[in-house]
Amino acid sequence: MGILAGKKGLIIGMVNAYSLSWGIAEALAAEGAELGFTFRSPSRERRIRPLAEQVGSTFVERCDVQSDDDIAQLMDNVRERFGSLDIIIHAPASAKPEELRGRYLNTTRAGFQLALDVSAYSLTAVLKAAEPLLNPGASIVALTYIGSEKVVPNYNVAGVAKAALEASVRYLAYDLGPQQIRVNAISAGPIRTLAASAIGNFRAMHREFARVAPLQRNVTIADVGKTALWLCSDWSAAVTGEIIYVDAGARHLAYGQAATGGQEQPDPEPHA
């Protein structure tokens with residue numbers, strides 16, 4: 001019997017089998033969690049449904065996290081199918097691809113609003129709608145990256161959005177703490193996701209990361225999944241408002257922080 005047997009979880013914003021959130025889904029399902037998934041577009045649905053089937057899930061619903069109506073409908077569907085929730089994995093991120101290269105100074109107002117809305121505010125919007133469904137002891141896990149606190153060339157507005165996301169994690173942990181609902185984030189090292197290609201010079205930085213990281217290796221989605229499993233289990237019952245680093249120790253380096261990526265990367269597709 002798995003440590004998450006009887007728990008019900010929702011994975012929001014997964015893109016494909018290379019996504020960090022898929023590594024998390026596999027880890028949670030292996031320990032008995034019953035999972036639901038969301039998609040934003042028909043092309044994403046075609047990728048998500050077969051993966052959901054692999055972990056025994058038939059709950060695959062459309063949700064654009066920029067739409068409060070979509071989020072409300074999603075929670076109605078969750079209530080009908082699951083009754084309540086114990087786990088939410090928050091993975092949405094988006095940015096204009098042309099703003100993930102060159103200078104942050106070139107960020108447009110529209111690009112800034114897109115990144116902050118999808119990557120940061122969506123966590124608050126989802127939890128506001130989900131709050132009545134969250135059981136005491138529920139765990140929410142968001143995905144972030146060290147570009148929120150240190151300059152990573154080309155990460156630009158995505159880093160600013162992740163800084164807002166991390167601040168939101170702390171405030172939401174405070175708001176939901178009295179209900180024994182925990183909110184944390186995982187900050188992973190660079191992982192070669194589909195959307196990571198939108199980040200300028202990503203491949204070179206990914207190679208460099210394995211050379212400079214204390215553990216002398218890159219991070220995998222399985223590494224992220226195992227940490228999320230801990231955060232979603234009773235083993236971390238007293239942990240909330242934290243940013244947990246899964247980066248082979250690279251965040252401790254004064255120099256050589258030569259990697260970008262590591263979370264569900266800012267989505268290079270226009271976010272409808």
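Number of residues in segment 104-132 that are of a type in the set (Lys, Arg) and either buried (at least 20 other Cβ atoms within 10 Å of the Cβ) or within 20 Å of the chain's Cα centre (by Cα) (or both): the value is 1.
Filtering segment 133-152 down to residues that are more than 14 Å from the chain's Cα centre (by Cα) and hydrophobic (A, V, I, L, M, F, W, C), which residue is farthest from residue 21 (Cα to Cα)? Once the filter is applied, the top-ranked residue is 151. With the structure loaded, tell me whether residue 101 is over 20 Å from residue 226 (Cβ atoms), open to solvent by 20 Å² or more (accessible area, probe 1.4 Å) and in contact with a helix residue (DSSP H, G or I) (Cβ under 9 Å, 6 or more places away or on another chain) or whether it fails that test. Against the criterion (over 20 Å from residue 226 (Cβ atoms), open to solvent by 20 Å² or more (accessible area, probe 1.4 Å) and in contact with a helix residue (DSSP H, G or I) (Cβ under 9 Å, 6 or more places away or on another chain)), residue 101 qualifies. For the residues 135, 156, the requirement of being open to solvent by 10 Å² or more (accessible area, probe 1.4 Å) and touching a helix residue (DSSP H, G or I) at 6+ places or on another chain (Cβ under 6 Å) singles out 156.
Taking residue 23 as the residue in question, decide whether it is modelled with pLDDT of 95 or more, crowded, with 20+ Cβ neighbours inside 10 Å and part of a strand (DSSP E or B). When the stated conditions are applied, residue 23 does not pass them.
Checked against the criterion of being open to solvent by 40 Å² or more (accessible area, probe 1.4 Å) and touching a residue at least 60 places away in the same chain (Cβ under 8 Å), segment 66-76 has at least one qualifying residue.
In the set 191, 244, 221, only one residue is at pLDDT 90 or above, touching a helix residue (DSSP H, G or I) at 6+ places or on another chain (Cβ under 8 Å), surrounded by 20 or more Cβ atoms within 10 Å (Cβ to Cβ) and β-branched (Val, Ile, Thr); that residue is 221.
Residue check: residue 39 meets all listed conditions (1) surrounded by fewer than 20 Cβ atoms within 10 Å (Cβ to Cβ); (2) at pLDDT 95 or above; (3) of a type outside the set (Lys, Arg) but one, namely (1).
The values are calculated or read from the model by the stated rules, or taken from the named source; none is laboratory data. Owing to the predicted nature of the structure, the values given are computational and were not obtained by experimental measurement. For neighbour counting, all protein chains shown are included, and Cβ atoms are generated from backbone atoms with ideal geometry for every residue, glycine included. Side chains are part of the model used for accessible areas, which takes the heavy atoms of the whole protein and leaves out ligands, DNA and RNA. Shrake-Rupley method; radii C 1.70, N 1.55, O 1.52, S 1.80 Å.
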